[in-house]
Amino acid sequence: MASPHSNTVPPNADGDDADRAGATSAHSAAVDVLLEVRDLHVAFGRHAVLRGLNLVVPRGQTLAVIGESGCGKSVLLKTMIGLIRPTQGQVCFDGRDLAGMSERQLTSTRVRYGYVFQQAALFDSMTVGQNVAFPLRQHSDRSDEEIEQRVLSRLAQVGLPASVAPKKPAELSGGMRKRVGLARALALDPELVLYDEPTTGLDPIMSDVINELIMRTRLSYPVTSIVVTHDMHTARKVADRVVMLYPLARLAEDEPQIIFDGPPSELDRSGDRRVSQFVKGEAGERISELRGA
Ligand SMILES: Nc1ncnc2c1ncn2[C@@H]1O[C@H](COP(=O)(O)OP(=O)(O)O)[C@@H](O)[C@H]1O
Ligand SMILES: [Mg+2]
(Lines give C-alpha, C1' and ligand atoms only; values in the text may rest on other atoms or scores of the structure.)
(Ligands and ions follow the chains in the order given, each with its own letter.)
Protein backbone atom coordinates (compact mmCIF):
# COMPACT_ATOMS: atom_id res chain seq x y z
CA MET A 1 0.00 0.00 0.00
CA ALA A 2 1.22 3.49 -0.78
CA SER A 3 2.13 5.36 2.37
CA PRO A 4 1.00 8.97 2.65
CA HIS A 5 4.64 9.85 3.29
CA SER A 6 6.16 8.06 0.36
CA ASN A 7 7.03 9.65 -2.91
CA THR A 8 4.38 7.75 -4.74
CA VAL A 9 1.04 9.40 -5.23
CA PRO A 10 -1.93 7.58 -3.80
CA PRO A 11 -4.63 7.43 -6.45
CA ASN A 12 -7.83 9.26 -5.68
CA ALA A 13 -10.18 6.91 -3.91
CA ASP A 14 -12.94 7.70 -6.35
CA GLY A 15 -10.75 9.11 -9.10
CA ASP A 16 -11.19 7.94 -12.65
CA ASP A 17 -8.42 7.64 -15.22
CA ALA A 18 -8.89 11.22 -16.35
CA ASP A 19 -7.92 12.43 -12.87
CA ARG A 20 -4.73 10.47 -13.11
CA ALA A 21 -3.77 11.58 -16.55
CA GLY A 22 -0.32 12.78 -15.48
CA ALA A 23 1.86 12.45 -12.38
CA THR A 24 1.78 16.19 -11.79
CA SER A 25 -1.97 16.59 -11.88
CA ALA A 26 -2.44 13.47 -9.79
CA HIS A 27 -0.04 14.97 -7.29
CA SER A 28 -1.76 18.28 -6.92
CA ALA A 29 -5.05 16.45 -6.47
CA ALA A 30 -3.67 14.19 -3.76
CA VAL A 31 -1.32 16.38 -1.70
CA ASP A 32 -0.57 20.01 -1.05
CA VAL A 33 3.08 20.16 -2.10
CA LEU A 34 5.25 22.82 -0.46
CA LEU A 35 8.63 21.83 -1.81
CA GLU A 36 9.59 19.75 -4.80
CA VAL A 37 13.00 18.74 -6.04
CA ARG A 38 13.14 17.47 -9.62
CA ASP A 39 16.06 15.60 -11.15
CA LEU A 40 18.43 17.56 -8.93
CA HIS A 41 22.14 17.42 -9.67
CA VAL A 42 24.77 19.35 -7.73
CA ALA A 43 28.48 19.23 -8.49
CA PHE A 44 31.41 21.36 -7.36
CA GLY A 45 33.67 21.41 -10.36
CA ARG A 46 34.21 17.76 -11.17
CA HIS A 47 33.09 16.61 -7.74
CA ALA A 48 29.51 15.41 -8.11
CA VAL A 49 27.62 15.36 -4.81
CA LEU A 50 23.94 14.95 -5.71
CA ARG A 51 22.67 13.08 -8.75
CA GLY A 52 19.15 12.96 -10.09
CA LEU A 53 17.26 13.44 -6.82
CA ASN A 54 13.47 13.62 -6.88
CA LEU A 55 11.60 14.55 -3.72
CA VAL A 56 8.11 15.83 -3.10
CA VAL A 57 7.55 17.35 0.34
CA PRO A 58 3.89 17.86 1.25
CA ARG A 59 2.91 20.77 3.46
CA GLY A 60 2.94 19.83 7.13
CA GLN A 61 5.34 16.92 6.77
CA THR A 62 8.35 16.41 9.01
CA LEU A 63 10.98 14.83 6.79
CA ALA A 64 14.29 13.54 8.13
CA VAL A 65 17.19 13.27 5.70
CA ILE A 66 19.74 10.80 7.00
CA GLY A 67 22.99 9.41 5.69
CA GLU A 68 26.63 9.22 6.59
CA SER A 69 28.86 12.23 6.91
CA GLY A 70 29.78 13.76 3.55
CA CYS A 71 26.95 12.17 1.54
CA GLY A 72 25.45 15.57 0.65
CA LYS A 73 22.77 16.27 3.27
CA SER A 74 23.81 19.85 3.96
CA VAL A 75 24.31 20.50 0.25
CA LEU A 76 20.74 19.29 -0.36
CA LEU A 77 19.38 21.55 2.38
CA LYS A 78 21.25 24.60 1.05
CA THR A 79 20.13 23.86 -2.50
CA MET A 80 16.52 23.65 -1.33
CA ILE A 81 16.60 27.28 -0.25
CA GLY A 82 18.71 28.64 -3.07
CA LEU A 83 22.00 29.02 -1.19
CA ILE A 84 23.56 26.58 -3.68
CA ARG A 85 22.48 26.56 -7.33
CA PRO A 86 21.71 23.20 -8.89
CA THR A 87 24.00 22.07 -11.69
CA GLN A 88 20.91 20.55 -13.28
CA GLY A 89 17.27 20.13 -12.29
CA GLN A 90 14.88 22.23 -10.28
CA VAL A 91 13.80 23.18 -6.81
CA CYS A 92 10.23 24.43 -6.63
CA PHE A 93 8.96 26.20 -3.53
CA ASP A 94 5.17 26.38 -3.42
CA GLY A 95 5.03 25.61 -7.13
CA ARG A 96 7.65 28.12 -8.28
CA ASP A 97 11.13 27.32 -9.54
CA LEU A 98 13.71 29.13 -7.38
CA ALA A 99 15.94 29.59 -10.43
CA GLY A 100 13.25 31.64 -12.17
CA MET A 101 12.74 34.05 -9.27
CA SER A 102 13.89 37.65 -9.24
CA GLU A 103 15.91 38.96 -6.29
CA ARG A 104 12.72 40.52 -4.90
CA GLN A 105 10.76 37.28 -5.18
CA LEU A 106 13.62 35.39 -3.51
CA THR A 107 13.62 37.86 -0.63
CA SER A 108 9.89 37.51 -0.11
CA THR A 109 10.26 33.72 -0.28
CA ARG A 110 13.01 33.77 2.35
CA VAL A 111 10.56 35.17 4.88
CA ARG A 112 8.64 31.92 4.51
CA TYR A 113 11.37 29.64 5.80
CA GLY A 114 13.63 29.42 8.81
CA TYR A 115 17.05 27.81 8.81
CA VAL A 116 18.68 26.32 11.87
CA PHE A 117 22.38 26.07 11.11
CA GLN A 118 24.60 23.21 12.16
CA GLN A 119 26.67 25.46 14.43
CA ALA A 120 24.01 27.72 15.94
CA ALA A 121 25.58 30.53 13.82
CA LEU A 122 24.47 33.35 16.08
CA PHE A 123 25.86 36.85 15.72
CA ASP A 124 28.39 36.96 18.58
CA SER A 125 28.43 40.73 18.87
CA MET A 126 24.66 40.92 19.34
CA THR A 127 22.68 39.96 22.42
CA VAL A 128 20.43 36.92 22.36
CA GLY A 129 17.42 39.22 22.06
CA GLN A 130 18.94 41.07 19.09
CA ASN A 131 19.70 37.75 17.41
CA VAL A 132 16.11 36.58 17.66
CA ALA A 133 14.86 40.02 16.61
CA PHE A 134 17.11 40.08 13.53
CA PRO A 135 14.71 38.48 11.02
CA LEU A 136 11.86 40.56 12.42
CA ARG A 137 13.78 43.78 11.77
CA GLN A 138 14.95 42.59 8.35
CA HIS A 139 11.66 41.38 7.01
CA SER A 140 8.87 43.20 8.78
CA ASP A 141 7.93 46.69 9.86
CA ARG A 142 6.83 45.85 13.37
CA SER A 143 7.26 48.40 16.16
CA ASP A 144 10.04 47.96 18.74
CA GLU A 145 7.43 46.98 21.28
CA GLU A 146 5.91 44.30 19.06
CA ILE A 147 9.36 42.96 18.28
CA GLU A 148 10.32 42.77 21.92
CA GLN A 149 7.14 40.90 22.77
CA ARG A 150 7.65 38.45 19.97
CA VAL A 151 11.28 37.85 20.95
CA LEU A 152 10.22 37.02 24.50
CA SER A 153 7.44 34.73 23.30
CA ARG A 154 9.81 32.88 20.94
CA LEU A 155 12.37 32.48 23.73
CA ALA A 156 9.63 31.12 25.99
CA GLN A 157 8.56 28.77 23.20
CA VAL A 158 12.03 27.18 23.23
CA GLY A 159 12.09 27.10 27.02
CA LEU A 160 14.40 30.06 27.66
CA PRO A 161 13.64 32.72 30.28
CA ALA A 162 13.45 36.43 29.43
CA SER A 163 16.63 36.90 31.48
CA VAL A 164 18.77 35.43 28.66
CA ALA A 165 17.71 38.15 26.21
CA PRO A 166 20.36 40.72 27.26
CA LYS A 167 23.15 38.09 27.34
CA LYS A 168 25.72 37.48 24.63
CA PRO A 169 25.72 34.03 22.93
CA ALA A 170 29.18 33.30 24.37
CA GLU A 171 27.68 33.35 27.87
CA LEU A 172 25.34 30.45 27.04
CA SER A 173 25.82 26.68 26.89
CA GLY A 174 25.79 24.86 23.54
CA GLY A 175 22.26 23.59 24.11
CA MET A 176 21.00 27.07 24.93
CA ARG A 177 22.65 28.52 21.83
CA LYS A 178 20.92 25.88 19.70
CA ARG A 179 17.62 26.90 21.25
CA VAL A 180 18.32 30.57 20.50
CA GLY A 181 19.03 29.55 16.88
CA LEU A 182 15.69 27.78 16.83
CA ALA A 183 13.90 30.78 18.36
CA ARG A 184 15.43 32.97 15.63
CA ALA A 185 14.41 30.54 12.88
CA LEU A 186 10.85 30.50 14.23
CA ALA A 187 10.62 34.28 14.70
CA LEU A 188 8.45 34.85 11.63
CA ASP A 189 6.29 31.68 11.95
CA PRO A 190 7.86 30.22 8.79
CA GLU A 191 5.98 27.71 6.66
CA LEU A 192 9.17 25.68 6.25
CA VAL A 193 11.89 25.11 8.83
CA LEU A 194 15.16 23.46 7.84
CA TYR A 195 17.32 22.01 10.58
CA ASP A 196 20.91 21.06 9.89
CA GLU A 197 22.09 18.53 12.49
CA PRO A 198 20.04 20.11 15.28
CA THR A 199 21.24 17.68 17.95
CA THR A 200 24.87 17.13 16.94
CA GLY A 201 27.27 17.87 19.78
CA LEU A 202 24.55 17.90 22.43
CA ASP A 203 24.21 15.47 25.32
CA PRO A 204 21.28 13.02 25.11
CA ILE A 205 19.04 15.04 27.39
CA MET A 206 19.58 18.31 25.53
CA SER A 207 19.12 16.43 22.24
CA ASP A 208 15.77 15.27 23.44
CA VAL A 209 14.81 18.81 24.44
CA ILE A 210 15.51 19.86 20.83
CA ASN A 211 13.54 16.88 19.46
CA GLU A 212 10.60 17.86 21.65
CA LEU A 213 10.81 21.45 20.41
CA ILE A 214 10.71 20.32 16.79
CA MET A 215 7.63 18.22 17.55
CA ARG A 216 5.95 20.91 19.63
CA THR A 217 6.39 23.44 16.84
CA ARG A 218 4.57 21.09 14.49
CA LEU A 219 1.73 20.76 16.99
CA SER A 220 1.36 24.52 17.31
CA TYR A 221 0.87 25.15 13.58
CA PRO A 222 1.08 23.17 10.30
CA VAL A 223 4.78 23.86 9.72
CA THR A 224 6.75 21.77 7.23
CA SER A 225 10.11 20.64 8.58
CA ILE A 226 13.17 19.10 6.99
CA VAL A 227 15.61 17.73 9.53
CA VAL A 228 19.05 16.73 8.32
CA THR A 229 20.64 14.42 10.85
CA HIS A 230 22.81 11.40 11.34
CA ASP A 231 21.18 10.89 14.73
CA MET A 232 18.82 7.94 14.33
CA HIS A 233 17.08 8.72 17.58
CA THR A 234 16.10 12.15 16.26
CA ALA A 235 15.02 10.73 12.89
CA ARG A 236 12.80 8.10 14.50
CA LYS A 237 11.33 10.43 17.05
CA VAL A 238 10.47 13.55 15.07
CA ALA A 239 9.96 12.44 11.49
CA ASP A 240 6.93 11.06 9.75
CA ARG A 241 9.08 10.27 6.72
CA VAL A 242 12.74 9.38 6.39
CA VAL A 243 14.86 9.68 3.27
CA MET A 244 18.34 8.16 3.25
CA LEU A 245 21.03 9.47 0.92
CA TYR A 246 24.04 7.42 -0.10
CA PRO A 247 27.42 8.88 -1.08
CA LEU A 248 27.73 9.05 -4.85
CA ALA A 249 31.32 7.86 -4.78
CA ARG A 250 30.19 4.41 -3.66
CA LEU A 251 27.29 4.05 -6.08
CA ALA A 252 27.32 2.55 -9.54
CA GLU A 253 26.25 4.92 -12.29
CA ASP A 254 22.74 3.53 -12.60
CA GLU A 255 21.99 3.19 -8.87
CA PRO A 256 19.62 5.73 -7.29
CA GLN A 257 21.12 7.95 -4.60
CA ILE A 258 18.03 7.79 -2.38
CA ILE A 259 18.25 4.31 -0.90
CA PHE A 260 15.32 4.58 1.51
CA ASP A 261 12.13 6.62 1.45
CA GLY A 262 9.38 5.75 3.91
CA PRO A 263 8.07 6.07 7.44
CA PRO A 264 10.60 5.52 10.25
CA SER A 265 8.74 2.37 11.31
CA GLU A 266 9.87 0.72 8.07
CA LEU A 267 13.57 1.44 8.60
CA ASP A 268 14.09 -1.80 10.51
CA ARG A 269 12.30 -3.80 7.84
CA SER A 270 14.43 -2.51 4.98
CA GLY A 271 15.99 -5.34 3.04
CA ASP A 272 18.83 -3.02 1.96
CA ARG A 273 21.98 -3.83 3.93
CA ARG A 274 23.28 -0.27 3.53
CA VAL A 275 20.15 0.98 5.31
CA SER A 276 20.11 -1.60 8.08
CA GLN A 277 23.82 -1.13 8.79
CA PHE A 278 23.42 2.62 9.06
CA VAL A 279 20.35 2.29 11.24
CA LYS A 280 22.17 -0.12 13.57
CA GLY A 281 25.35 1.95 13.54
CA GLU A 282 27.46 -0.81 12.01
CA ALA A 283 30.51 -0.03 9.90
CA GLY A 284 29.69 -2.81 7.40
CA GLU A 285 32.01 -3.02 4.40
CA ARG A 286 33.53 0.35 5.28
CA ILE A 287 35.59 -1.42 7.95
CA SER A 288 37.88 -2.40 5.06
CA GLU A 289 38.77 1.29 4.63
CA LEU A 290 40.18 1.26 8.16
CA ARG A 291 42.28 -1.76 7.30
CA GLY A 292 43.57 0.15 4.30
CA ALA A 293 42.11 -2.38 1.89
N1 LIG B 1 30.85 24.76 -1.24
C2 LIG B 1 31.42 23.59 -1.51
N3 LIG B 1 32.42 23.49 -2.41
C4 LIG B 1 32.97 22.29 -2.71
N5 LIG B 1 32.60 21.12 -2.16
C6 LIG B 1 31.63 21.15 -1.27
C7 LIG B 1 30.98 22.38 -0.89
N8 LIG B 1 30.02 22.09 0.04
C9 LIG B 1 30.08 20.75 0.22
N10 LIG B 1 31.03 20.18 -0.55
C11 LIG B 1 31.35 18.75 -0.62
O12 LIG B 1 30.13 18.06 -0.83
C13 LIG B 1 30.14 16.82 -0.14
C14 LIG B 1 28.91 16.71 0.71
O15 LIG B 1 28.99 17.65 1.76
P16 LIG B 1 27.84 17.86 2.83
O17 LIG B 1 26.56 18.09 2.14
O18 LIG B 1 28.33 18.95 3.73
O19 LIG B 1 27.82 16.47 3.57
P20 LIG B 1 26.91 16.03 4.82
O21 LIG B 1 26.07 14.90 4.35
O22 LIG B 1 27.88 15.57 5.86
O23 LIG B 1 26.13 17.23 5.26
C24 LIG B 1 31.44 16.76 0.62
O25 LIG B 1 32.35 15.98 -0.12
C26 LIG B 1 31.89 18.20 0.68
O27 LIG B 1 33.27 18.28 0.73
MG1 LIG C 1 26.24 18.40 6.98
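Largest first, how would SER220, SER102 line up by accessible area (1.4 Å probe)? Mind dumping the intermediate values first?
Numbers: SER220 75, SER102 55 Å².
Heavy-atom accessible area, descending, gives SER220, SER102.
Quick one: which residues, 5 or more positions from VAL49 or on another chain, have an amide H under 5 Å from its amide H? H modelled 1.01 Å from N in the peptide plane, none for Pro or chain starts.
VAL42, ALA43, PHE44
Got a sec? What order do THR200, THR127, THR87, THR234 fall in by accessible area at 1.4 Å, biggest, i.e. largest, first? All intermediate terms of the calculation are to be shown ahead of the outcome.
Numbers: THR200 55, THR127 30, THR87 90, THR234 0 Å².
If we order THR200, THR127, THR87, THR234 from most to least accessible, we get THR87, THR200, THR127, THR234.
Can you give me the three principal axis dimensions of the chain from its C-alpha atoms, in Å, biggest first?
Reported extents, whole Å, longest axis first: 56, 55, 39.
Compute, for the range 123-189, the length of the dipole vector about the Cα centre, with Cβ point charges of +1 (Lys, Arg) and -1 (Asp, Glu) only. Units Debye, rounded to 20.
In total the dipole reaches around 340 debye.
What is the distance, in nm, between label points placed 7 Å from the Cα along the Cα-to-Cβ direction at ALA121 and at GLU255?
3.1
Rounded to the nearest percent, how much of the accessible area of the chain (1.4 Å probe, protein heavy atoms only) is carbon and sulfur?
Details: 7550 of 14730 Å².
Ligands and nucleic acids excluded, carbon and sulfur reach 51 percent.
Send over a whole-number figure in Å² for the accessible area per residue of the chain, probe 1.4 Å. Mind dumping the intermediate values first?
Numbers: 14730 Å² over 293 residues.
Accessible area per residue: 50 Å².
Rank these by accessible area, largest first, 1.4 Å probe: MET232, MET244. Mind dumping the intermediate values first?
On the way: MET232 25, MET244 5 Å².
Result of the area sort, largest leading: MET232, MET244.
Tell me, Kirkwood radius of the range 123-189 from alpha-carbon pair distances, in Å? List each step's numbers first, then the result.
Working: mean 1/r = 0.0869 Å⁻¹.
This gives a value of 11.5 Å.
Among the lysines in the chain, how many pairs, 8 or more places apart or on different chains, have alpha carbons under 28 Å apart?
Number of lysine pairs found: 12.
In debye, nearest 20, what is the charge dipole magnitude of the chain about its Cα centre with +1 on Lys and Arg Cβ and -1 on Asp and Glu Cβ, if you could check?
Details: 34 positive and 37 negative charges, 168 e Å.
I would put it at about 800 debye.
Mind checking the full-extension length gain between SER270 and GLU171? Use 0.36 nm per residue of separation minus the Cα-Cα distance, one decimal, nm.
Working: separation 99, 0.36 × 99 = 35.64 nm, distance 4.46 nm.
Working it through step by step, the gained length comes to 31.2 nm.
7 Å from Cα along Cα→Cβ at both THR87 and ASP189: what's the point-to-point distance in nm?
Using points 7 Å along Cα→Cβ, the separation is 4.2 nm.
The values are calculated or read from the model by the stated rules, or taken from the named source; none is laboratory data. Computed from a predicted structure; not experimentally measured. Don't worry about glycine lacking a Cβ; one is built from the backbone with ideal geometry, like all the others, and counts go over all protein chains shown. Side chains are part of the model used for accessible areas, which takes the heavy atoms of the whole protein and leaves out ligands, DNA and RNA. Shrake-Rupley method; radii C 1.70, N 1.55, O 1.52, S 1.80 Å.
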